[in-house]
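Have a look at the structure below, then the notes.
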Amino acid sequence: GVLYFAKYIVTWVDEEARAKLLQQLDDEAAGRGGRGGQALSELEDRLSADVNKLSDELTAELERFKKEREQERETRTAQLVEAAARAYLAQDLAAAAKHCDDALAHAPENAGALHLRAMIHLRANEYGPGEVRARRAAEIAPDQPSYRHTLGYACRLQGRLDEAARHY
């Protein structure tokens, strides 16, 4: 949605800028009489330069907007994971699951949210989904021993002791 809107704005601004500059070109060409061809060429060059400058400015603005949105998304995800952790520690698995699911909707590859959601699944005796989430968290952040430990625990709960031992 945001990219479509940005593309629409860029197209609209480009068309509006082009129309204004073409009108200016016509006005200046009419005022120069016999030098119309040279004046037209100069104005076309200015038009092209102005449109390129505007396009560059809008591209830079779009990049700033994307970065701001990414920072907002990361902040919101962190808040949701923190709320999920508090709910988990308070033994409120339903609220913890909801906060984790909301965080994962914002950032599906957030290893912390995946790990916590795996722990919630395991606590609720949902071993398959717990293993899937624990495995993904361990893949994303292989340097986190607790993620591998949770994956091992999920395997152990399902009776796969040899596999569990490899993850501990």
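The values are calculated or read from the model by the stated rules, or taken from the named source; none is laboratory data. Bear in mind the structure is a predicted one, so any value in this text is a computation, not a measurement. Note that each Cβ is placed from the backbone with ideal geometry, even for glycine, and that neighbours are counted across all protein chains shown. Calculation scope for accessible area: heavy atoms of the full protein, side chains included, ligands and nucleic acids excluded. Shrake-Rupley method; radii C 1.70, N 1.55, O 1.52, S 1.80 Å.
If I stretch the segment between E109 and A165 completely, what's the gain in nm (0.36 nm per residue apart, minus their alpha carbon distance), one decimal?
Working: separation 56, 0.36 × 56 = 20.16 nm, distance 2.55 nm.
Contour length minus the Cα-Cα distance gives 17.6 nm.
In the chain, carbon and sulfur make up what percent of the accessible area (probe 1.4 Å)? Don't jump to the answer; show the numbers that get you there.
Numbers: 5710 of 10620 Å².
That share works out to 54 percent.
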Report task. Pop a pseudo-label 7 angstrom from the Cα along the beta-carbon direction at both E82 and L157 and give the gap in nm to one decimal. Result -> 2.7 nm
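Can you work out the FRET efficiency for the pair H149 and Q91, with r the C-beta to C-beta distance and R0 = 22 Å, to the nearest 0.05?
Values: r = 21 Å, r/R0 = 0.95.
About 0.60, to the nearest 0.05.
Number of Lys-Lys pairs in the chain under 24 Å by Cα, sequence gap 8 or more or different chains? Present the calculation step by step, with values, prior to reporting the outcome.
On the way: K7/K20; K7/K53; K7/K66; K7/K67; K20/K53; K53/K66; K53/K67.
So the count works out to 7.
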**Report entry** Relative contact order (%) - criterion: Cα under 8 Å, at least six apart; region: the chain
**Finding:** 11 percent
Requested in this report: Can you tell me the 0 to 90 degree angle between the C-alpha axis of helix 111-123 and the longest principal axis of the chain, rounded to 10?
Outcome: 30 degrees
**Report entry** Crossing angle, helix 93-106 versus the chain [Cα axis fit, 0-90 degrees, rounded to tens]
**Finding:** 30 degrees
Report summary line: Contour minus Cα-Cα span, E74 to D101, at 0.36 nm per residue, comes to 8.2 nm
**Report entry** On Cα atoms only, tilt of 127-140 relative to the major axis of the chain in degrees
**Finding:** 50 degrees
Report summary line: Unit-weight point scatterers at every alpha-carbon of the chain, Debye formula, q = 0.09, 0.14, 0.17 1/Å: log10 I(q)/I(0) is -0.53, -0.79, -0.97
